[in-house]
1. Identify, please: which residue in the range 94-123 is over 14 Å from Ile147 (Cα atoms) and part of a helix (DSSP H, G or I) and is, among those, most open to solvent (accessible area, probe 1.4 Å)?
2. For Asp268, only one of the following conditions fails: (1) open to solvent by less than 20 Å² (accessible area, probe 1.4 Å); (2) at pLDDT 95 or above; (3) among the acidic types (Asp, Glu). What is its number?
3. For Ile305, all conditions in the list (1) out of contact with any helix residue (DSSP H, G or I) (no Cβ under 6 Å at 6 or more places or on another chain); (2) under 14 Å from Asp103 (Cβ atoms) hold save one; what is the number of the exception?
4. So, Ala131, is that one over 18 Å from the mean Cα position of the chain (by Cα) and buried (at least 17 other Cβ atoms within 10 Å of the Cβ) or not?
5. Could you check the range 164-216 and list, in sequence order, the residues that are part of a loop (DSSP other than H, G, I, E, B) and either of a type in the set (Lys, Arg) or surrounded by 13 or more Cβ atoms within 10 Å (Cβ to Cβ) (or both)?
6. I need the full set of residues from the range 134-146 which are touching a Lys or Arg at 6+ places or on another chain (Cβ under 8 Å) and open to solvent by 10 Å² or more (accessible area, probe 1.4 Å), in order please.
7. Testing Thr256 on (1) touching a residue at least 24 places away in the same chain (Cβ under 8 Å); (2) open to solvent by less than 70 Å² (accessible area, probe 1.4 Å); (3) hydroxyl-bearing (Ser, Thr, Tyr), one condition comes back false. Which one is that?
8. Among residues belonging to the range 110-164 that are in contact (Cβ under 8 Å) with a residue 40 or more places away in the chain and among the small types (Gly, Ala, Ser), point out the one that is farthest from Ile227 (Cα to Cα).
Amino acid sequence: MSLQVTSPKNGDAFSRGTPVTFKGKADNETVRVEIFAEQWHLGSVNVESGEWTLTYPAFTGVGRRQIQIIGLDQNGNTVNSVGLELIIEKPGFQQGLDVSDFDGTVDWIRVKQAGYTFAFAKATEGETWKAATFPRNWRQMEGVGIIRGAYHFFRPTIDAKAQAKHFLDYVNSVDPIGVNDLPPVIDLEHYPASVEQQWNSLSKPERVQRVKKWIDVIESEINRKPIIYTSYGFWNGWMRGVRDFSGYPLWVAHYTPNPQPLIPHEWDRWTFWQYSDRAEIPGILESREDVNRFNGSLSDLIAFISNNTVIV
């Protein structure tokens, strides 16, 4: 045992603004401990009788924090180091947003500083269309520590398998969806009018079969269970009574000041809620931005991602 951290444990969650106490043990060679969160120095403490304790007053930002604890000898040389991840969260729903080419160049550092913990970026539509802003958004969301997700706008009369492949190929060409990323999203809606006409041209069994085909390809290729983005109006109009997808996470669009959204009867709960399309967000010039909530804490969101795999 050169250096040991007894508290906190890797993955522990703390409320923003509350003290965090680090405790541990060290052998005789280690006389001092330095603690960092990414490149920021949190403090240092001497080792006494083989033990050390340091209390950091408060983390002000929310998100995952990468902690590095370094043990030093009497000459200031590194004896050993230990890394762990802490989750800093705020009470209530987690705030997020979704972006597309419509939003232009996003300053993701400012978005992160404004307290947003997750975001979805449009990647593809149909079989050929690609979002020009996706590569930058996808890389920079991860770079600033925002939990990222990618979505595909589904065109019902275009081959569903080809659409799924198109989505995965484009995302993979930038950076594949990883274990810490949100699951892929299929966007099911009846706007604009051309898309509504496409849905109207199909029977309900055909609609179900095509959506299921897209999902099947995603699940077989990357072993993740997709999120379904939709609204009560769309589902009631084109998929009423269809429960084939009730086990998939629901991202519902309902713009209302009410405390809860209206969701399709085929689901018991919502996972994400797009509650407004008229928000002003620091870092985005467009003044009518989509904003979202996750139904839980940040640690709940991270657990949701960890548990989102297809059982084979």
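The values are calculated or read from the model by the stated rules, or taken from the named source; none is laboratory data. Since the model is a prediction, treat every value here as computed from it, not as a measurement. Here the Cβ is made from the backbone with ideal geometry for all residues, glycine too, and neighbour counts use every protein chain on show. Ligands, DNA and RNA are stripped out before the accessible areas are found, and what is left, the full protein with its side chains, is counted by its heavy atoms. Shrake-Rupley method; radii C 1.70, N 1.55, O 1.52, S 1.80 Å.
1. Filtering the range 94-123 for residues over 14 Å from Ile147 (Cα atoms) gives 100-107, 110, 114, 122-123.
Next cut, part of a helix (DSSP H, G or I) only: 101-103, 110.
Details: Asp101: 57, Phe102: 140, Asp103: 15, Arg110: 118 Å².
Only one residue fits best here, namely Phe102.
2. The failed condition is (1).
3. If we test Ile305 against (1) out of contact with any helix residue (DSSP H, G or I) (no Cβ under 6 Å at 6 or more places or on another chain); (2) under 14 Å from Asp103 (Cβ atoms), just (2) comes out false.
4. So Ala131 fits the description; yes.
5. Start the filter on the range 164-216 by keeping residues that are part of a loop (DSSP other than H, G, I, E, B), which leaves 175-184, 188-192, 201-203.
Of everything in the range 164-216, those that are part of a loop (DSSP other than H, G, I, E, B) and either of a type in the set (Lys, Arg) or surrounded by 13 or more Cβ atoms within 10 Å (Cβ to Cβ) (or both) turn out to be Asp175, Ile177, Asp181, Leu182, Pro183, Pro184, Leu188, Glu189, His190, Leu202.
6. Correct list: Glu142, Val144, Gly145.
7. Condition (1) is where Thr256 drops out.
8. Ala114
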